[in-house]
Amino acid sequence: MIHEVATLTIDPARAADFEATVAEAQPHFEAAKGFVSFALHRSVENPERYHLVVGWESVEAHMVDFRESEGFQAWRALAGPFFVGTPSVEHFALI
């Protein structure tokens, strides 16, 4: 299993709406092939910054199966308007 860690920056004045939108979008991740887990973390020191942490069976499950799905398009349509700048995404493996 790997974890996708997406760093998302939003306008902190829109935090409540963003968090509700992420909850609305979560089923699109859960329905994806290779999905394992889902969590959203907000920075205490930088309240405009979030980490979306999604567990996947493999990098391919995220980058191919999910990214090429309608679920990904729905996620971006819902959450994209909140982004201030381009999200950064990395994949991590437990050591």
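Please treat every number below as a calculation from the coordinates, not as lab data. The structure displayed is predicted, hence computed values, not measured ones. Every residue, glycine among them, receives a Cβ derived from its backbone with ideal geometry; neighbour counts consider all protein chains shown.
First measure r as the distance between the Cβ atoms of GLU57 and ALA13, then evaluate 1/(1 + (r/R0)^6) with R0 = 41 Å and state the FRET efficiency to the nearest 0.05. Kindly include the intermediate steps, with their values, before the conclusion.
On the way: r = 37 Å, r/R0 = 0.90.
Plugging the Cβ-Cβ distance into 1/(1 + (r/R0)^6) gives 0.65.
Can you check what the net charge comes to around GLU48, using other residues whose Cβ is under 15 Å from the Cβ of GLU48 (Lys, Arg +1; Asp, Glu -1)?
Numbers: positive: ARG14, ARG42, ARG49; negative: ASP11, ASP17, GLU19, GLU45.
Around GLU48, the charge tally is -1.
Once you have the Cα-Cα distance between SER88 and ARG67, take 0.36 nm times their residue separation minus that, and quote the gain in nm to one decimal.
Full extension from SER88 to ARG67 adds 6.1 nm.
What do you get for Rg/Rh over the chain if you use C-alpha atoms and the Kirkwood form of Rh? Intermediate values should be presented prior to the final figure.
Numbers: Rg = 12.8 Å, Rh = 13.5 Å.
Across the chain, the Cα-based Rg/Rh ratio is 0.95.
Beyond 18 Å, what share of the Cα-Cα pairs of the range 7-63 is found? Please give it as a whole percent. Provide the component values of the computation, followed by the final result.
Numbers: 600 of 1596 pairs.
Tail fraction, whole percent: 38.
What nm value, rounded to one decimal, do you get for the distance between LEU78 and ARG42 when each label is placed 7 Å out toward the C-beta?
Reported label-point gap for LEU78 and ARG42 is 1.8 nm.
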